[in-house]
Amino acid sequence: MKLADPTLDQIRIFLAVEEEGSFGGAARRMGRAVSAISYGIAQMEAQLGVALFAREGSRKPVLTDAGRGLLPEAQAIADRADALLAKTRSLHAGLESDIGLALDVMVPGEVTAHALREFRTLFPTVSLRLQVEALGAAAACLLDGQSELAIGGPVIGDHPELERQAIGEVELVPVAAPGHPLARGGIATGQSREHLQLVLSDRSSLTEGREFSVLSPRSWRLGDLGAKHALLKQGIGWGNMPRPMVADDLASGALVLLDLPEKPGAAYALNAIWRRDTRPGPATSWLIDTFRERLRGCPV
């Protein structure tokens, strides 16, 4: 037997009958005549070669085993069609279909989680491509076309192809394990240079050759902030970390603040950055505003 594809309209009729429990209810819901609903179901059954409803006399239609088995697939097709239509309407309204977002590793995870949870609720049709990068690599994602928006630090400065807007800051603090020599206090000027410093490295070429708060000639370069965090807790060197990331460690004593004469800690400014030849759309603009609000409410 040769089967034919049911139309989307027939699938919607099938779902309406199942949900309303009657042909009359489906007709009222869809603004059709009962005969049109009955005809649509009959056509779909003929095309698929199965009975979808068992209907005898005046009894309400009841799903057959075949109808029950096909119901999830019919619902999935209708849902995908609804999503397609919703995205199309969004595109006509100027809403982005997808956004590439590059985040500096210094952005507090709680800020990111809350912002993106709200984003998913408010913009269900907009796909998000998220990258987490260190230092200049977040801005590099814009220049090579991987992202449309970056939330990045101050290391890029003024780049001729980029527009930036200050949205907040995160405090960087020098820390080490409690058993580290620099944790004893009373540290003399220059003594930090005698100990291994763990330094976050930039995987982009935008800031090649530049140093950020590096005091010691003895250093390990790490491209991952999480790895740096773990090594600090193990007593392998000292280094700057964003305060929100080490707040629990400072409270528990797993890490301690270092009172160094050079005061290497600093406010790490965060900017919303985008290419000057593009204009942020509605969802992108919402992300900029929301990260600004969340960073304002986040303890530095």
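The values are calculated or read from the model by the stated rules, or taken from the named source; none is laboratory data. Since the structure is predicted, the reported quantities are computational estimates derived from the model, not experimental observations. Here the Cβ positions follow ideal geometry from the backbone for every residue, glycine too, while neighbour counts run over all protein chains shown.
Across region 125-158, what is the number of residues that are part of a loop (DSSP other than H, G, I, E, B), more than 27 Å from G239 (Cβ to Cβ) and touching a residue at least 40 places away in the same chain (Cβ under 8 Å)?
5
Reported count of residues in region 47-63, each being touching a residue at least 12 places away in the same chain (Cβ under 8 Å) and farther than 18 Å from E73 by Cα, is 2. Selection within region 249-297: residues that are part of a loop (DSSP other than H, G, I, E, B), among the small types (G, A, S) and touching a helix residue (DSSP H, G or I) at 6+ places or on another chain (Cβ under 9 Å). The member of this set that is modelled with the lowest pLDDT is G297. Kindly evaluate Q75 against the criterion of being within 30 Å of S127 (Cβ to Cβ) and touching a Gly at 6+ places or on another chain (Cβ under 6 Å). No.
Note on region 19-63: residues that are assigned to a helix (DSSP H, G or I) and basic (K, R) amount to 2.
Checking the condition more than 37 Å from the chain's Cα centre (by Cα) and modelled with pLDDT of 85 or more, which residue from A46, A74 passes?
Values: A74 fails: more than 37 Å from the chain's Cα centre (by Cα).
When all the criteria are applied, what remains is A46.
Applying a threshold of 7 Å to beta carbon distances and a minimum spacing of six or more residues, or different chains, the list of pairs starting in region 1-30 at a residue that is in contact (Cβ under 8 Å) with a residue 24 or more places away in the chain and ending at one that is surrounded by 15 or more Cβ atoms within 10 Å (Cβ to Cβ) and β-branched (V, I, T) reads I11/I77; I13/I37; I13/I41; F14/I41; V17/I37; V17/I41; F23/V17; F23/I37. Which condition number in (1) farther than 18 Å from A272 by Cβ; (2) among the small types (G, A, S); (3) surrounded by fewer than 16 Cβ atoms within 10 Å (Cβ to Cβ) is the one that A166 fails? Looking at each condition in turn, A166 falls short on (1). Restricting attention to region 50-66 and to residues that are of a type in the set (G, A, S) and at pLDDT below 90, the residue that is nearest to V17 (Cα to Cα) turns out to be A54.
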